Amino acid sequence: YVSKVKVIENETVQKDSDDFSDNEQSTSFENVEYEGITSAMQKFSVKSESAYILDDDPDLVFMKNMKVKIYLNDGRIVTIVSNYGRYHKESQDCWFEKNVVADDGETKIFAENLDLLATKNSVEIYNNVSLDYITGSLKADKIDYNFETKHFTVSMFDDSSIKMKVIK
């Protein structure tokens, strides 16, 4: 993996912000952006309006109004946004929380949580998942997608059955 960080204009750095308790040392930023290339040679960017890191774990970035763009090799651009999220600078894993929307131009996914795991080459989407695509839609508790196999698994937390119609 290759990645770099740049802080876009208006950088604000605050040490030991008032938003955190006295025992949590942190640094805050505004308008932060990370860019990199995945192991599959796909360019990506991670942005947020505001972010902070804790001094005892500087590789994990906590973000507000998080936005990720992934430029797939087939030309599609996947955009994922959420109210909150975390980005791990070493592993490039992303965890999105609250009002998550993922869109590739053909399929839109809405959920409360989405874990984009570069370390597992997969996406886990869960909590009130709604998927809308050209030939239909589905609702589920959880969807797992594997980038290598291009397969997804749809499930409910209580193991109840799901109804889904696939049209090719």
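Values quoted throughout were computed directly from the atomic coordinates according to the rules given, and no laboratory measurement underlies them. The model shown is predicted, which means the values in this text are computed figures rather than measured ones. Counting neighbours? That spans all protein chains shown, and the Cβs are built from the backbone with ideal geometry, glycine included.
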Subject >> Sites matching chymotrypsin sites (Phe, Trp or Tyr not before Pro) across region 63-159 that sit in DSSP coil, with at most 13 neighbouring C-beta atoms within 10 Å >> reply: PHE157
**OP:** May I ask you to derive the relative contact order of region 85-140, considering only C-alpha pairs under 8 Å and at least 6 residues apart, and to give it as an integer percent?
**Re:** 26 percent
Original post:
In region 34-119, which GluC sites (Glu not before Pro) fall in coil by DSSP and have 16 or fewer other Cβ atoms within 10 Å?
Top reply: GLU90, GLU106
Original post:
Where does the charge balance sit around GLU124 when Lys and Arg score +1, Asp and Glu -1, over other residues with C-beta under 13 Å from its C-beta?
Top reply: -4
Original post:
Over 19 Å between Cα atoms, which of LYS69/LYS139; LYS47/LYS142; LYS43/LYS120; LYS64/LYS89 qualify?
Top reply: LYS69/LYS139; LYS47/LYS142
Original post:
P(r) tail for region 49-159, what percent of Cα pairs lie past 23 Å?
Top reply: 27 percent
Subject >> Cα pair count fraction exceeding 15 Å, expressed as % - region 27-73 >> reply: 48 percent
Subject >> Net charge over other residues, Cβ less than 15 angstrom from the Cβ of TYR71 (K, R count +1; D, E count -1) >> reply: 0
Subject >> Proximal charge balance of VAL81 [Cβ under 12 Å; K/R count +1, D/E count -1] >> reply: +3
